[in-house]
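Undergrad: Questions regarding the structure given below will be posed in turn.
Read-outs throughout are calculated quantities, based only on the coordinates presented, and are distinct from any laboratory measurement. Remember, it's a predicted structure, so these values are computed and weren't measured experimentally. Cβ coordinates were reconstructed from backbone atoms using ideal geometry, including for glycine residues, and neighbour counts include every protein chain displayed.
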């Protein structure tokens, strides 16, 4: 049985808000990262982990063309799925899984940004980290893969306890992102001017 909220168009607006917040926070944290004085943390390849957005984010471009194109395409796709489900042409669970996949993944990403904001803001405190820390490309992506897989397991547990297809979607998208980041850990880091 599905709740009325699980087939509501409001979920598309929630996802869109989280997606725009992700872009804003990514640019904001990248700015904090670049303004470290002294520069304590060094990420090989820069702060942004998604290759197709690296150029826009490294230039601190808020809501760049690639981002806007991705937001439009995804919103149109979700709107189509919502329409098909609400016409009774397919199972409502499809929309619930899709929305869970996007909303819960966006929540995890935004929570990671908030952690990074807290870290970089505390860098100005009197008891801030000393010296320099260099995070190699491989370590960054493998650490991210482990974090996403942990969230995938957490959402799967919630799905099993609650019987929610929404959490199944979140589990699947976090697991997919974990696999994607693990694969990126074996690629060559992109050169970024630091």
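Undergrad: Could you calculate the contour length gain from residue 70 to residue 90, that is, 0.36 nm times the residue separation minus the distance between their Cα atoms, to one decimal place in nm?
TA: Value of the extension gain: 4.7 nm.
Undergrad: Based solely on its DSSP helices, what 222 nm [θ] is calculated for the chain when runs of n ≥ 4 H residues each add -39,500 (n - 2.57) and the sum is averaged over all residues, nearest 500 deg cm²/dmol?
TA: It lands at -23000 deg cm²/dmol.
Undergrad: Rank 148, 77, 167 by mean-square fluctuation in a GNM of the chain with C-alpha springs under 10 angstrom and give only the top-ranked residue.
TA: 77
Undergrad: Calculated FRET efficiency, residue 161 and residue 42, Cβ-Cβ r, R0 30 Å, to nearest 0.05?
TA: Taking R0 as 30 Å, the efficiency between residue 161 and residue 42 is 0.15.
Undergrad: Hey, in the GNM for the chain with a 10 angstrom Cα cutoff, which one of 76, 105, 172 fluctuates hardest?
TA: It is 76.
Undergrad: Let me ask something else about it. What angle, in degrees between 0 and 90 and rounded to the nearest 10, separates the Cα long axis of helix 137-162 from the longest principal axis of the Cα atoms of the chain?
TA: Helix 137-162 and the main axis of the chain meet at about 30 degrees.
Undergrad: Distances longer than 26 Å among the Cα atoms of region 79-194: what percent of all pairs is that?
TA: Tail fraction, whole percent: 38.
Undergrad: Subtracting the Cα-Cα distance from 0.36 nm times the residue separation, let me have the gained length for residue 79 to residue 10 in nm, one decimal.
TA: 23.8 nm
Undergrad: Can I ask one more? Which of 69, 112, 142 moves most in a GNM of the chain, Cα contacts under 10 Å?
TA: The residue with the greatest mean-square fluctuation here is 69.
Undergrad: Expressed in nm to one decimal, what extension gain is obtained for the pair residue 35 and residue 121 from 0.36 nm per residue of sequence separation less their Cα-Cα distance?
TA: Gain in length upon complete extension: 29.9 nm.
Undergrad: I would also like to ask the following. To two decimal places, what compactness ratio does the chain give when its Cα radius of gyration is scaled by 2.2 N^0.38 Å?
TA: 1.13
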